[in-house]
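Just so you know, all these numbers are worked out from the coordinates, no wet-lab data involved. Only a predicted model underlies this, so the values are computations on that prediction, with no experimental measurement involved.
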Amino acid sequence: MDLPMTPVTEKLSEEYALIQEEIPNPVPQLFIDVNLGEEMEAQRIVVYPGNTPSQLARDFCDLHNLDEETRENLQELLAS
């Protein structure tokens, strides 16, 4: 059952619609599968517009508890 719109809910609905127009859904530019060894499944890095190699490597290594040397190597590979 739809409730009637009040001036407040109507204004909020309009503002929400404007916000949704300003935040487009980013489209991935690239998918990179990273092999983490024989004991683990490959994990995917999804590259979106505006991502940097350093940001992607840092986030991936933080998520998978990988060391600093691995982060540096991954960053180099992503930058090439």
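Return the sequence-ordered ³J(HN,Hα) values of region 72-80 in whole Hz as given by the Karplus equation 6.51 cos²θ - 1.76 cosθ + 1.60 applied to θ = phi - 60°, using x for Gly and Pro.
Going residue by residue, I get 5, 5, 5, 4, 4, 5, 5, 7, 7 Hz, with x marking Gly and Pro.
With contacts defined as alpha carbon pairs under 8 Å and 6 or more residues apart, what's the relative contact order of region 26-79 in percent?
28
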